[in-house]
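As structure tokens, the structure follows; a few thoughts come after it.
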Amino acid sequence: MSTSSENIYQLDGRVPVMKAVPFGLQHVLAMFVSNITPIIILAGVVGLEKGLTASLIQNCMIIAGIGTMVQLYPVWKIGSRLPIVMGISFTFLSVSIGIGTTQGMGTLMGAVIVGGIVEGLLGLCAKYWLKLIPHIVAATVVTAIGFSLLPIGANSFAGGMGSPDFGATQNWIVGSVTLLTCLLTQVFAKGFLRSLSVLVGLVVGYILALCMGMVDFSGLAGCSIVALPKILPFTPEFHLGPILSVIAIFLVSATETVGDSSALVSGALKRQIHKVEMGGAISCDGFVSTISGIFGCTPITSFSQNVGLASLSGVVNRFTIATGAIIMLLGGIFPPVGTLLTTIPQAVLGGCTIMMFGSILFAGFGMMAKSGFSQRNMIIVSLSLSVGLGFTQATGMFKAFPQIIQTIFAENCVAVVFLLAVILNLVLPKDKE
């Protein structure tokens with residue numbers, strides 16, 4: 001196989017390592033903080049001691065690297081062979097906190113292990129149920145994912161939700177400079193530099209934040225150079241109630257993987273996704289989540305940040321993305337690497353992600369255009385999005401429903417949009433015009 005820098009815009013082919021690493025690093029930086037944040041929040045609420053929390057953060061990076069490698073280079077039918085980057089999912093955070101605080105982390109890990117197997121088997125049988133998700137349903141889900149990510153980018157831009165300096169002038173300055181750098185590089189740069197627009201913006205924003213005293217290196221003081229990951233930090237316990245609750249959320253996670261995979265193929269590869277790719281992505285989602293539970297972490301899923309980055313930069317080469325997976329693995333084995341990446345201020349990440357999240361919306365609109373603007377499609381899209389986005393923004397809307405319904409739907413617009421789009425697609429007449 002020939003090695004060429006031009007292969008960076010092709011799915012297959014080798015790229016010179018020195019050219020591949022910056023693009024792989026760009027993908028890692030786009031998702032790094034989001035990958036470790038769910039575990040940091042969960043550990044804080046459950047009350048885990050600092051040493052164990054540090055080990056779980058280390059395991060997060062290793063699991064993300066393993067999941068990404070399996071997506072890029074499938075094991076049997078597990079994996080999509082697409083440039084999908086995996087990371088710890090926020091979708092499971094609410095149910096994880098509920099189980100972890102009331103029944104213990106062992107019970108949570110037991111539910112994650114079983115739920116991952118269920119989703120993995122669901123992915124292997126995808127050809128039997130993917131007919132329920134035609135192109136217009138996938139387009140609606142992708143658009144919902146794009147809308148749901150916009151507040152996340154805005155909160156990061158302002159300094160991170162809950163931070164004492166949220167919305168401060170320094171965050172506005174750093175976020176704006178980062179965003180402007182990304183935009184100018186994307187518009188005026190040539191060749192590979194243009195594809196590295198997010199990394200360029202991040203570097204400029206980080207240097208500015210450093211000069212403004214916004215970067216904290218105190219976490220590096222107590223870091224060991226090398227640390228092996230801990231397997232089974234919690235003894236798994238298996239109880240039916242928590243397992244069913246987690247399986248329900250796994251179905252939502254599978255929905256997001258369907259949307260992310262469809263957006264990636266449509267926006268970056270300029271074609272429709274194949275059923276075998278979709279099934280492989282979902283099975284990887286599930287089975288690697290089982291491994292994640294063995295490592296004491298919550299489930300893993302595809303990351304929308306990286307879908308947006310691939311669409312924006314056009315970089316889809318599997319070998320290149322694999323260098324990013326290797327960086328994540330090294331970050332797990334060598335704690336100073338991961339700790340250094342955690343020093344990136346939220347405002348810098350927010351400035352980088354604003355455009356990436358917008359590109360996911362654009363991919364959803366493009367998929368809708370390819371599906372056609374018939375009255376039937378209009379009803380599916382407009383009703384699904386208005387109910388899904390509207391109801392989940394109305395706090396307390398679902399309080400009349402059982403707790404499990406609230407856990408799945410109350411704050412997850414993607415789940416509501418997906419369910420309604422599928423139902424409408426089934427009940428509306430096919431010849432409705």
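The values are calculated or read from the model by the stated rules, or taken from the named source; none is laboratory data. In this text, all values refer to a predicted model and were calculated from it rather than measured experimentally. Counting neighbours? That spans all protein chains shown, and the Cβs are built from the backbone with ideal geometry, glycine included. Ligands, DNA and RNA are excluded from the accessible area calculation, which covers all protein heavy atoms including side chains. Shrake-Rupley method; radii C 1.70, N 1.55, O 1.52, S 1.80 Å.
Things worth noting here:
- Residues considered: Thr323, Thr392, Thr169. Largest GNM mean-square fluctuation over the chain, using C-alpha springs under 10 Å, is found at Thr169.
- Each peptide in 3-12, 118-127 receives the mean, over its residues, of other Cβ atoms within 10 Å, and ordering these scores from highest gives 118-127, 3-12.
- Set of the stretch 329-356 residues, backbone N closer than 15 Å to the point 7 Å along the Cα-Cβ line of Ala189: 352-353, 355-356
- Within a Gaussian network of the chain (alpha carbon springs, distance under 10 Å), most fluctuating of Val215, Val416, Val198: Val215
- The chain - accessible surface per residue (Å², probe 1.4 Å): 41
- Protection proxy ranking of 348-357, 244-253 - average other beta-carbon atoms within 10 Å, highest first: 348-357, 244-253
- Shape category assigned to the chain from the gyration tensor of Cα positions, a/c cut at 1.5: rounded
- Taking each DSSP H run with n ≥ 4 as -39500 (n - 2.57) and averaging over every residue of the chain yields -23000 deg cm²/dmol at 222 nm.
- Number of Lys pairs (Cα under 24 Å; 8 or more positions apart or on different chains) in the chain: 22
- The chain, accessible surface, carbon-and-sulfur percent (1.4 angstrom probe): 69
- Between Ser374, Ser156, Ser148, the residue with the greatest mean-square fluctuation in the GNM of the chain (Cα pairs under 10 Å linked by springs) is Ser374.
- Value of relative contact order over the chain, rounded to a whole percent, pairs C-alpha under 8 Å and six or more apart: 32
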